[in-house]
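*Asks:* Before anything else, here's the structure in question.
The values are calculated or read from the model by the stated rules, or taken from the named source; none is laboratory data. All values derive from a computational prediction rather than experimental measurement. Note: ideal-geometry Cβ built from the backbone for every residue, glycine included; neighbour counts use all protein chains shown. What goes into the accessible areas is simple: the full protein's heavy atoms, side chains included, and nothing from ligands, DNA or RNA. Shrake-Rupley method; radii C 1.70, N 1.55, O 1.52, S 1.80 Å.
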Amino acid sequence: MSLYNRIARGYDELYKEEQLEKLGMIKSEINFNKKDRILDVGCGTGISSDLGCFVVGVDPSMGLLKQNCNTMKVLGCAEQLPFKSNVFDYVVSVTAIHNFSNIKMSLKEMENVGKKGFIISVLKRARMAGYIKKILRRQFTVIKELETGKDDIFFLQKRAKNA
């Protein structure tokens with residue numbers, strides 16, 4: 001995570017426009033209610049947390065979190081989310097999943113803390129993009145998939161449990 005600590009001060013200058021485009025696409029698909037509770041996994045500087053409701057952001061980079069004025073922030077990683085089950089209405093992760101050390105464990109953690117839906121964007125040029133998309137499709141029900149210039153955005157729900 002030292003890379004993100006090193007670039008934290010300039011992160012928004014580098015990525016803000018791109019992140020705002022993805023955020024706009026997400027907001028156009030989901031009408032978040034002011035009462036919704038959102039977890040933003042890999043929240044960074046908080047660009048992707050501006051959803052008009054209560055948002056908790058979690059990120060392993062203290063440098064990025066210090067730049068984040070948009071959310072309640074928690075220093076932590078996707079593989080060990082420090083929250084109870086079914087606490088968040090939505091779990092959002094914008095262009096972060098390719099940085100997680102254990103993709104499967106991270107998705108299980110997100111699935112555990114989320115209730116209504118999951119929005120995860122996957123960087124197309126990430127080395128593990130195909131693998132990540134395969135796991136998303138296997139673990140969740142894909143409601144919609146949008147393509148941006150650099151990412152694919154997945155709108156997901158938990159799979160129904162067989163009785």
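*Asks:* Among the residues of segment 1-41, how many are modelled with pLDDT of 90 or more and either in a loop (DSSP other than H, G, I, E, B) or in contact with a His (Cβ under 9 Å, 6 or more places away or on another chain) (or both)?
*Replies:* Total satisfying the criteria: 6.
*Asks:* Could you tell me whether segment 80-89 includes any residue that is part of a loop (DSSP other than H, G, I, E, B), touching a residue at least 24 places away in the same chain (Cβ under 8 Å) and open to solvent by less than 20 Å² (accessible area, probe 1.4 Å)?
*Replies:* Checked segment 80-89: at least one residue is part of a loop (DSSP other than H, G, I, E, B), touching a residue at least 24 places away in the same chain (Cβ under 8 Å) and open to solvent by less than 20 Å² (accessible area, probe 1.4 Å).
*Asks:* Collect the residues in segment 60-71 that are open to solvent by less than 30 Å² (accessible area, probe 1.4 Å), touching a residue at least 24 places away in the same chain (Cβ under 8 Å) and not β-branched (Val, Ile, Thr), keeping them in residue-number order.
*Replies:* 61, 63, 64, 68
*Asks:* Working only within segment 61-79, note down all residues that are in a loop (DSSP other than H, G, I, E, B) and touching a Phe, Trp or Tyr at 6+ places or on another chain (Cβ under 8 Å).
*Replies:* Correct list: 61, 77.
*Asks:* Would you point out the residue of segment 148-163, among those that are under 27 Å from residue 17 (Cβ atoms) and in contact with a strand residue (DSSP E or B) (Cβ under 8 Å, 6 or more places away or on another chain), that is most open to solvent (accessible area, probe 1.4 Å)?
*Replies:* 150
*Asks:* Looking only at residues that are modelled with pLDDT under 95 and either open to solvent by 50 Å² or more (accessible area, probe 1.4 Å) or not hydrophobic (A, V, I, L, M, F, W, C) (or both) in segment 96-114, which one is farthest from residue 30 (Cα to Cα)?
*Replies:* The selected residue is 101.
*Asks:* I'd like to verify a number: residues in segment 114-134 that are small (Gly, Ala, Ser) and part of a strand (DSSP E or B), how many?
*Replies:* 3
*Asks:* Can you pull out every residue in segment 42-72 that is at pLDDT below 90 and of a type in the set (A, V, I, L, M)?
*Replies:* Those that are at pLDDT below 90 and of a type in the set (A, V, I, L, M): 47, 51, 62, 64, 65, 72.
This table checks each residue for (1) farther than 21 Å from residue 79 by Cβ; (2) part of a helix (DSSP H, G or I); (3) among the charged types (D, E, K, R); (4) without any contact (Cβ under 8 Å) to a residue 60 or more places away in the chain.
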{"site": "98", "(1), (2), (3), (4)": "no, yes, no, yes"}
{"site": "112", "(1), (2), (3), (4)": "no, yes, no, yes"}
{"site": "136", "(1), (2), (3), (4)": "no, yes, no, yes"}
{"site": "143", "(1), (2), (3), (4)": "yes, no, no, yes"}
{"site": "146", "(1), (2), (3), (4)": "yes, no, no, no"}
{"site": "156", "(1), (2), (3), (4)": "no, no, no, yes"}
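*Asks:* Now for a separate question. Just give me the residues in segment 117-127 being without any contact (Cβ under 8 Å) to a residue 60 or more places away in the chain and either surrounded by fewer than 16 Cβ atoms within 10 Å (Cβ to Cβ) or not aliphatic (A, V, I, L, M) (or both), in sequence order.
*Replies:* Across segment 117-127, the qualifying residues are 118, 124, 125, 127.
*Asks:* Can you list residue pairs whose Cβ atoms sit under 7 Å apart, with the first residue in segment 23-49 being surrounded by fewer than 21 Cβ atoms within 10 Å (Cβ to Cβ) and the second being in a helix (DSSP H, G or I)? Count only pairs 6 or more apart in sequence or on different chains.
*Replies:* 23/47; 23/48
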